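The values are calculated or read from the model by the stated rules, or taken from the named source; none is laboratory data. From a predicted model like this one, the values you see are computed outputs, not experimental measurements. Ideal geometry is used to build each Cβ from the backbone, glycine not excepted, and the neighbour counts take in all protein chains shown.
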Amino acid sequence: MGKIWRVSGPLVIADEMKGSQVYEIVEIGEEGLVGEIIGLEGNKAIIQAHEDTLGLKVGEVVRGTGRILSAELGPGLVGSIYDGLQKSLLTLVENTGSFIRRGAKASALPREKKWQFTPRVKVGDAVSQGDIIGTVPETGLVEHKIMVPIGIRGMIKEIRQGDYTVEEPIAWVELDGEVKELTLMQKWPVRKPRPYKQRLDPSGLLTTGMRILDYMFPLALGGKASIPGGFGTGKTVALQQLIRWAQTHLNIYVGCGERGNEMADVLYSFRKLKDPNTGRLLQEKEIFIANTSNMPVVAREASIFVGITMAEYFRDMGYDVLLVADSTSRWAEAMREMGGRLEEMPGEEGFPSYMGSRLSTFYERAGMVECLGSPERRGSVTVAGAVSPPGADFSEPVTQNTLRIVDALYALDVSLANKRHFPAISWLTSYSLYVDAVKDWWGKVDPEWEDTRATALKILQQEAELEEIVRLVGPEALPQGDKLLLLISRMIREDFLQQSAYHEVDTYCVPAKAGLMLKTIIKFYELAQEMLNSGAGIEEIRSSPIVYRISRMKDIPNEVFEQSVKELWSEMEESLVVSKRVP
Amino acid sequence: MDFPALYVKETRAISRAKGSLLIAESIPGIKFNEIVDVQLSNGEVKSGQAIDISEEATVIQVFGGVSEVDLIRSKIRCKGETLKLPVSIDILGRIFNGMGEPMDGGPAVIPEDYLDINGEPINPAARQPPAEFIETGISAIDGLNALVRGQKLPIFSGSGLPHNRIAAQIIRQATVKGKTEKFALVFGAIGVSYDDASFFMRDIERTGALERTVAFINTASDPVIERISTPRLALTAAEYLAWKRNMHVLVILTDMTNYCEALRELSSMREEIPSRRGYPGYMYTDLATMYERAGRIFGKEGSVTIMPILTMPDDDITHPIPDLTGYITEGQIVLSRTLERKGIYPPIDVFLSLSRMMKEGIGPGKTREDHNNAFMQSYAAYAEGCYLREISTIIGAEALGERDKIYLTNADEFERKFISQGEFEKRKVEDTLDIAWGLFSALPEEDLKLISEELIKRYLPKYRMFKT
């Protein structure tokens, strides 16, 4: 037990702390504020306080807890809302009201609730770390698999069936005469990646229901993506769309230093939204971490690691997990603030020089793996992190450091957002290195995917070049063929890439529909070219009712889309071919 | 009055005085961020705050600077308190300075409670998503960037633009449709000129709104450090009225640029490592802890809506002040010098302005069923017109096609009829939408892609006239 020697913002230095370890959790002062030791110097411990230090006095007690920052893992995680230190915010509302009091405690997993445990192994079975010993039906969408904690092996001496809380023992494992109790809950230090048997390459499409992602710049399961964008470009909406519709087993949303009202909106909407495949409430497969911008700064760092630790835990059950973090810039700013208080030598723009490596330790925990233990299974963690570059200038250090690590970039463009083109993902600057990783997946859904995608990207690229000319000579001066290309690229932009997050149907587009939509536009292009060749004018093509029909494709429900697009195609051929003959 | 006995600790051992900082020996029992009195040898008392405490030294930031402090006879006295605002319902109708002391000549407030001016963060799980439309009577806001209760929506302006007049118009006109509820205004003036502060106070007084207003005024000549406390005092008063007194509170803070300048000044005096353009790295968090005090809470009737005003240095929206603000607030109303030069009031830049909470606040039962579609269509048509305007400056309007010319004229009409309105004109949201429909009449009907046929048949003037 030590005492406070100095307080300066979130930095607390405590004296008489011999015997502590780095990253140990301490309780500061009479209120017991949570802090984490980040350095030791003789008897002094340098502590970052995860709560507001207002009113602390020199000489107040600092208690070491002997444990390092760990996440509680077990049934009760799904559907929960946590702060950056994994305190349950709903419990806090019950205990302390609508405002967050300093030093208030709330455990992550409910202690009273009983879960129905069904064993999968029997007495006498040999088990080792990662083995699934039983299951708990946690929600309608997630079956929680109870695994042997890392570092434990032996023979099952006893195993129970029935209703247990997370702290009651459900199995006993014996090794060399020593017996260990297993409970539904286990703990894991958040800064340490959870082990796996083997790392695999990302593969298979992470279906998001967003056309520009799924079709144009796919994200693979186990991949990592960055979404940088200035304010108002729709970062938050894009991330919300991801966690709403991504076809994964579990999604984790880390709201790190962002807006409270938006967080409230997310939480509220998840109480109503349904999973497109099962019809069950989406909150049955979500975990939320809400560390809004007015909550303690230092806890932002913890929130990211708490989130990724939970993601790895579910990955180890053999699930595909998506974690989105909004926004990693706020986390980097927390690092900068701590670095400044510690009087470290600053790197670029005042950020500490270790920011890049700290970002990689987070992103590198994404990936597809072969999980430890039996039965054999694969799981994946896919990570998408928002970046908020100051002044929408991507040359700043957080964006640049992130781009060194991630393999997919969804660059949000201010000028697109100002035109209200949403999602404002720029097709000219975005990229995905997962095109090969998802090739097989797409091959089964849409064999022409690669060609169609390349054609569309080429048209958009040509448009960008033509735009330069239009600015000089005006649109009327272009030859007919180029006018048609501008019309088609506009259709690709407005009728395919633009997607409304708020439209009932358009918000989630199945990949097959996306493919048919784009092919319809390209088919129209081919027919229109024929028309031009046989002497029709561009006005005639532009005013064709087909153009309007194509613009409404988005609103046709996924189920009836194939049928109605077939009708559109035959109509298209008829009307365009007929009008070709008329002159 | 002075009660020396109440002062628990004091020290004379000041070793350094510079800028606004005093470094003294360690004061046992002093709390971090505690407010202290600094007594000068001539008897004058200044306030200060303990910003760094340790067993070796105490660093005090003195409000109003360290002028006339001497190292031998000056004393630091601790009161054991962090900065608190005395509150009661009687704060309504009163004017305070940047330390929360009355400056209207009236008596001190008899407090019901003392509230920490930093407030406590609202638990995100207790927040109710804002969804009630506030009618400001200004078309460019109501129609295109609707404000809702519990939102934080700043005005990004430039020097010389009429942001004060717009803010005053919003204060005069803002109502929630069909409701008469307890409404209060909290006005925080931060480092503004005396004229600006008195413009607002006169306007508030003239419209009879003074008795439901609390004002905190720190003018340009007042101590810089009080600019840090002024908005926090204003928000503390607002929270008291909203959460304890069930009122709907609108907070106007002007000019937040002065606040950020003050923050930079103090930060450099503390010798902190600067981030962009010398502003401290924690400016985002600092601003967020204030703006995030806006909101609604489940189970509570009141609400806090914040409308900060800031002037963008050199009209640059990427400057750290508007940039960080934009990352925190739920949208922004941006004023345009180009529109101002064209003589359009309010000169609201439709493209750069945005209200993130708009979609929750509009639609059937809230404004009108066609609001969202009419908004999108207006926006698209105006964007097209502005794009063509840009092209036509190079190639000449004559080189445009017929369809393009229609859009070009439409953009001018949109600015003249829709955006532009009188300073004392209060348009109902229905009137705003009808103006939009009037403008759609000039466009080819098949171009109204963003509106369903049903709504076109119901609202487009030519069908409406046919019906009546």
message: Take the residues in segment A:233-282 that are in a loop (DSSP other than H, G, I, E, B) and hydroxyl-bearing (Ser, Thr, Tyr); name whichever of them is farthest from A:Val297 (Cα to Cα).
response: A:Thr278
- request: Could you tell me whether segment B:77-91 includes any residue that is hydroxyl-bearing (Ser, Thr, Tyr), surrounded by 16 or more Cβ atoms within 10 Å (Cβ to Cβ) and within 14 Å of chain A (Cβ to nearest Cβ)?
  value: yes
field: Conditions (1) more than 28 Å from A:Leu56 (Cβ to Cβ); (2) of a type in the set (Asp, Glu); (3) over 33 Å from the mean Cα position of the chain (by Cα); number of the one not met by B:Glu10
entry: (1)
query: Residues that are in contact (Cβ under 8 Å) with a residue 60 or more places away in the chain, not acidic (Asp, Glu) and not assigned by TED's automatic domain parsing to the domain that holds A:Arg336: which helices (runs of 4 or more DSSP H) entirely in segment A:382-468 hold 1 or more of them?
result: A:439-445
- prompt: Which residue out of B:Thr325, B:Thr289 is closer than 20 Å to B:Ile225 by Cα, under 15 Å from the mean Cα position of the chain (by Cα) and either within 11 Å of chain A (Cβ to nearest Cβ) or surrounded by fewer than 23 Cβ atoms within 10 Å (Cβ to Cβ) (or both)?
  reply: B:Thr289
- request: Please verify whether segment B:258-273 includes one or more residues that are within 12 Å of chain A (Cβ to nearest Cβ) and outside any loop (DSSP other than H, G, I, E, B).
  value: yes
query: Can you tell me which residues in segment A:134-155 are touching a Ser or Thr at 6+ places or on another chain (Cβ under 9 Å) and outside any loop (DSSP other than H, G, I, E, B)?
result: A:Gly134, A:Thr135, A:Val136, A:Pro137, A:Glu143, A:His144, A:Lys145, A:Ile146, A:Gly154
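Looking at B:Pro364, B:Pro320, B:Pro313 in this structure, which one is modelled with pLDDT under 95 and touching a Cys at 6+ places or on another chain (Cβ under 8 Å)?
Matching residue, one of B:Pro364, B:Pro320, B:Pro313: B:Pro320.
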task: Inspect segment A:60-77 for any residue being facing chain B (nearest Cβ under 10 Å) and either surrounded by fewer than 23 Cβ atoms within 10 Å (Cβ to Cβ) or free of Cβ contacts under 8 Å to residues at least 12 places away in the same chain (or both) and give the result as yes or no.
output: yes
- prompt: Restricting segment A:414-440 to residues that are buried (at least 19 other Cβ atoms within 10 Å of the Cβ) and of a type in the set (Phe, Trp, Tyr), which is farthest from the other protein chains (Cβ to nearest Cβ)?
  reply: A:Tyr434
- prompt: When you look at B:Ser392, is it farther than 30 Å from A:Leu472 by Cβ and either free of Cβ contacts under 8 Å to residues at least 40 places away in the same chain or not assigned by TED's automatic domain parsing to the domain that holds B:Thr338 (or both), yes or no?
  reply: no
statement: Every listed condition ((1) within 17 Å of the chain's Cα centre (by Cα); (2) of a type outside the set (Ser, Thr, Tyr); (3) more than 27 Å from B:Met103 (Cα to Cα)) holds for B:Asp314 save (1)
query: Can you name the residue in segment A:38-49 that is in contact (Cβ under 8 Å) with a residue 24 or more places away in the chain and either within 13 Å of chain B (Cβ to nearest Cβ) or among the aliphatic types (A, V, I, L, M) (or both) and is also nearest to B:Asn33 (Cα to Cα) among such residues?
result: A:Ala49
- prompt: Within segment A:4-24, how many residues are more than 9 Å from chain B (Cβ to nearest Cβ), in a strand (DSSP E or B) and among the acidic types (Asp, Glu)?
  reply: 1
- prompt: Any residue in segment B:354-363 that is of a type in the set (Val, Ile, Thr), closer than 23 Å to A:Ala392 by Cβ and buried (at least 21 other Cβ atoms within 10 Å of the Cβ)?
  reply: no
statement: Within segment B:293-330, the residues that are among the aromatic types (Phe, Trp, Tyr) and without any contact (Cβ under 8 Å) to a residue 60 or more places away in the chain are B:Tyr327
task: Check A:Gly367 against each of (1) in contact with a Phe, Trp or Tyr (Cβ under 8 Å, 6 or more places away or on another chain); (2) of a type in the set (Gly, Ala, Ser); (3) surrounded by 22 or more Cβ atoms within 10 Å (Cβ to Cβ) and name the one condition it does not meet.
output: (1)
message: It is to be established whether one or more residues within segment A:237-244 are touching a residue at least 24 places away in the same chain (Cβ under 8 Å), surrounded by fewer than 22 Cβ atoms within 10 Å (Cβ to Cβ) and within 11 Å of chain B (Cβ to nearest Cβ).
response: yes
- prompt: Which residues, counting only those in segment B:260-297, are in contact with a Ser or Thr (Cβ under 8 Å, 6 or more places away or on another chain) and under 19 Å from B:Val192 (Cα atoms)?
  reply: B:Leu266, B:Leu287
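A quick yes/no check of all residues on (1) among the charged types (D, E, K, R); (2) farther than 16 Å from A:Tyr215 by Cα; (3) within 14 Å of chain B (Cβ to nearest Cβ):
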{"position": "A:Leu472", "(1), (2), (3)": "no, yes, yes"}
{"position": "A:Arg490", "(1), (2), (3)": "yes, yes, yes"}
{"position": "A:Gln498", "(1), (2), (3)": "no, no, yes"}
{"position": "A:Thr507", "(1), (2), (3)": "no, no, yes"}
{"position": "A:Leu527", "(1), (2), (3)": "no, yes, no"}
{"position": "A:Ile538", "(1), (2), (3)": "no, yes, yes"}
- prompt: Restricting the search to segment B:365-408, which residues are part of a loop (DSSP other than H, G, I, E, B) and either more than 11 Å from every other protein chain (Cβ to nearest Cβ) or crowded, with 17+ Cβ neighbours inside 10 Å (or both)?
  reply: B:Gly365, B:Lys366, B:Thr367, B:Arg368, B:Glu369, B:Asp370, B:Leu400
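For segment B:334-347, does any single residue satisfy the condition of being of a type in the set (S, T, N, Q), touching a Pro at 6+ places or on another chain (Cβ under 7 Å) and more than 7 Å from chain A (Cβ to nearest Cβ)? Explain how you work it out, then say what you get.
As a first pass, look at segment B:334-347 and keep what is of a type in the set (S, T, N, Q): B:336, B:338.
After this cut, where a residue has to be touching a Pro at 6+ places or on another chain (Cβ under 7 Å) as well, the list is B:336.
Narrowing further to those that are more than 7 Å from chain A (Cβ to nearest Cβ): B:336.
Yes, the conditions are met somewhere in segment B:334-347.
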message: Looking at segment A:345-356, can you tell me whether even one residue there is in a helix (DSSP H, G or I), facing chain B (nearest Cβ under 10 Å) and farther than 16 Å from A:Tyr196 by Cβ?
response: yes
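Residues A:Val560, A:Val547: which one is within 14 Å of chain B (Cβ to nearest Cβ), out of contact with any Ser or Thr (no Cβ under 9 Å at 6 or more places or on another chain) and part of a helix (DSSP H, G or I)?
Unique residue meeting the criteria: A:Val547.
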- request: State the number of residues belonging to segment A:284-304 that are over 23 Å from A:Ser226 (Cβ atoms), within 14 Å of chain B (Cβ to nearest Cβ) and at pLDDT 90 or above.
  value: 0
- request: Taking the residues in segment B:25-50 that are more than 9 Å from chain A (Cβ to nearest Cβ) and acidic (Asp, Glu) as candidates, determine which candidate is nearest to B:Glu81 (Cα to Cα).
  value: B:Asp37
- prompt: In the list A:Gly307, A:Gly279, A:Gly232, A:Gly318, which residue meets the criterion of being within 14 Å of another protein chain (Cβ to nearest Cβ) and either out of contact with any Gly (no Cβ under 6 Å at 6 or more places or on another chain) or surrounded by fewer than 24 Cβ atoms within 10 Å (Cβ to Cβ) (or both)?
  reply: A:Gly232
